[in-house]
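Novice: One structure is given below, represented as structure tokens, and several questions about it will come after.
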Amino acid sequence: MKIFLLTLWSDNHPDSWCLGNMNALQSSALASHGLHTVAHDPKDADIILFVDCGPLPLGLSVLLHPFFRQYRSKCFVYDDRFPSSSWFRGLFVSLESGQYNPLFHRGASYFRSSTESGWCRPSCYGKEQYLFSFCGAIETHPLRLELLKLASDQSFIVDVPRSVTQTAFVNGDKDTIESLHRNFRYICQQSLFVLCPRGLSASSQRLYEVMRMGRVPVVISDGWVPPYGPQWEQFVVRVREDQIDAIPSILEELRPAASEMGGKARKAWDDFFALESLFQNTVEACLDILNDNRNRAFCLRSFLLKLISKEGIKSLTRYSLKSLL
């Protein structure tokens, strides 16, 4: 299959974060060796993938794009924002399970994480100080406040304000980013299990970082939609949001299986989300949707409902005011 990739952000956009998805997928396509290749002309492509939804709110950048209007039947979007533009057919990082429609959607990973440098395999199992740990911003969701109650001799719970990480990544502050990664890697190496609670959205980038470190992710998110590819039940521990108090006992029971599960987590990272495999898995996820003849590229009803909703009107108003200022 041939896939045409495009971003709706200009190449000289000052915010490197906006171009991260495109850069990651292009790098993966160059590093991969599989059945699928990059097309250089949309008319020759079997699939056209918008690797972001662009600057306009509600996915209007995609909807108004000439390629989408001309080749709608083979268009897909990748969207890592929250809330998601779920009226398009495509791959979504932050889609809630209540919005998920198998005719339109597949879960997806954070593309940028595949190209981040400085990660390494953890030290061997058997020398961990902690049964479990959490290192992240407490402020992003009320359930994260509950994690503070889990602090004990067998756990490591630390709050890293969102303002610190957000500023570092938006500004491309490599020293601060490396310091954050180094501290996180060390905590992972000292833990058998790593908590991955929902934040602003149902998903968490921490999940993929933990897999890359060969540790066992503990997903605390009732609305999480597992990304396409891995057999998640083999290495992910899922804990309901109302079960946080039971986490120590749940993980203690799983302690003997931690090493095996961590190895499977790392293998899943290599097979589906690493630089060499991300592009091929992305195409396979699109094909999995495309092969269902019942699907459509765009759901007008869902879009119109979002457009006239309170949230949609607010988004359009904020964008209009920002453009005028």
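Novice: Looking at Phe104, is it assigned by TED's automatic domain parsing to the domain that holds Asp11 and within 21 Å of Pro230 (Cα to Cα)?
Specialist: It is true that Phe104 is assigned by TED's automatic domain parsing to the domain that holds Asp11 and within 21 Å of Pro230 (Cα to Cα).
Novice: Separate question: Among the residues of the stretch 220-250, write down those that are out of contact with any Pro (no Cβ under 8 Å at 6 or more places or on another chain) and in a strand (DSSP E or B).
Specialist: Pro227, Arg238
Novice: Output yes when any residue across the stretch 61-74 is under 30 Å from Ala202 (Cα atoms) and in contact with an Asp or Glu (Cβ under 7 Å, 6 or more places away or on another chain), and no when none is.
Specialist: Looking through the stretch 61-74, at least one residue is under 30 Å from Ala202 (Cα atoms) and in contact with an Asp or Glu (Cβ under 7 Å, 6 or more places away or on another chain).
Novice: Looking at (1) surrounded by 19 or more Cβ atoms within 10 Å (Cβ to Cβ); (2) modelled with pLDDT of 90 or more, which is the one condition that is false for Phe184?
Specialist: (2)
Novice: Does Ser113 satisfy being surrounded by 14 or more Cβ atoms within 10 Å (Cβ to Cβ) and either more than 21 Å from Ala246 (Cα to Cα) or in contact with a Cys (Cβ under 6 Å, 6 or more places away or on another chain) (or both)?
Specialist: Against the criterion (surrounded by 14 or more Cβ atoms within 10 Å (Cβ to Cβ) and either more than 21 Å from Ala246 (Cα to Cα) or in contact with a Cys (Cβ under 6 Å, 6 or more places away or on another chain) (or both)), Ser113 qualifies.
Novice: Does Val210 meet the test of being among the β-branched types (Val, Ile, Thr), at pLDDT below 95 and buried (at least 22 other Cβ atoms within 10 Å of the Cβ)?
Specialist: Taking the combined requirement at face value, the residue satisfies it.
Novice: Please determine whether any residue of the stretch 249-262 is in contact with a Leu (Cβ under 8 Å, 6 or more places away or on another chain), hydrophobic (A, V, I, L, M, F, W, C) and either closer than 15 Å to Arg106 by Cβ or not assigned by TED's automatic domain parsing to the domain that holds Leu150 (or both).
Specialist: No, every residue in the stretch 249-262 fails to be in contact with a Leu (Cβ under 8 Å, 6 or more places away or on another chain), hydrophobic (A, V, I, L, M, F, W, C) and either closer than 15 Å to Arg106 by Cβ or not assigned by TED's automatic domain parsing to the domain that holds Leu150 (or both).
Novice: Could you tell me which numbered condition Val237 fails, if it satisfies all but one of (1) closer than 20 Å to Cys135 by Cβ; (2) modelled with pLDDT under 95?
Specialist: Every listed condition holds for Val237 apart from (2).
Novice: So, one more: Starting from the stretch 235-253, take each residue that is surrounded by 17 or more Cβ atoms within 10 Å (Cβ to Cβ) and list its partners that are among the basic types (Lys, Arg), counting only C-beta distances under 6 angstrom and pairs at least six apart or across chains.
Specialist: Correct list of pairs: Phe235/Lys264.
Novice: What residue, of Leu95, Leu131, Leu145, Leu103, is surrounded by 17 or more Cβ atoms within 10 Å (Cβ to Cβ) and not in a strand (DSSP E or B)?
Specialist: Being surrounded by 17 or more Cβ atoms within 10 Å (Cβ to Cβ) and not in a strand (DSSP E or B) holds for just one of Leu95, Leu131, Leu145, Leu103, which is Leu95.
Novice: Would you be able to say whether some residue in the stretch 111-131 is modelled with pLDDT of 90 or more and under 22 Å from Gln231 (Cα atoms)?
Specialist: If we filter the stretch 111-131 for residues that are modelled with pLDDT of 90 or more, which is where we start, we get 111, 129-131.
Next, only the ones that are under 22 Å from Gln231 (Cα atoms) stay: 111.
Within the stretch 111-131, one or more residues are modelled with pLDDT of 90 or more and under 22 Å from Gln231 (Cα atoms).
Novice: Restricting to the stretch 15-65, give me the number of residues that are farther than 23 Å from Ser315 by Cα and either of a type in the set (Lys, Arg) or touching a Pro at 6+ places or on another chain (Cβ under 7 Å) (or both).
Specialist: Adding up the residues that qualify gives 2.
The values are calculated or read from the model by the stated rules, or taken from the named source; none is laboratory data. In this text, all values refer to a predicted model and were calculated from it rather than measured experimentally. Note that we place each Cβ from the backbone using ideal geometry, even for glycine, and neighbour counts take in every protein chain shown.
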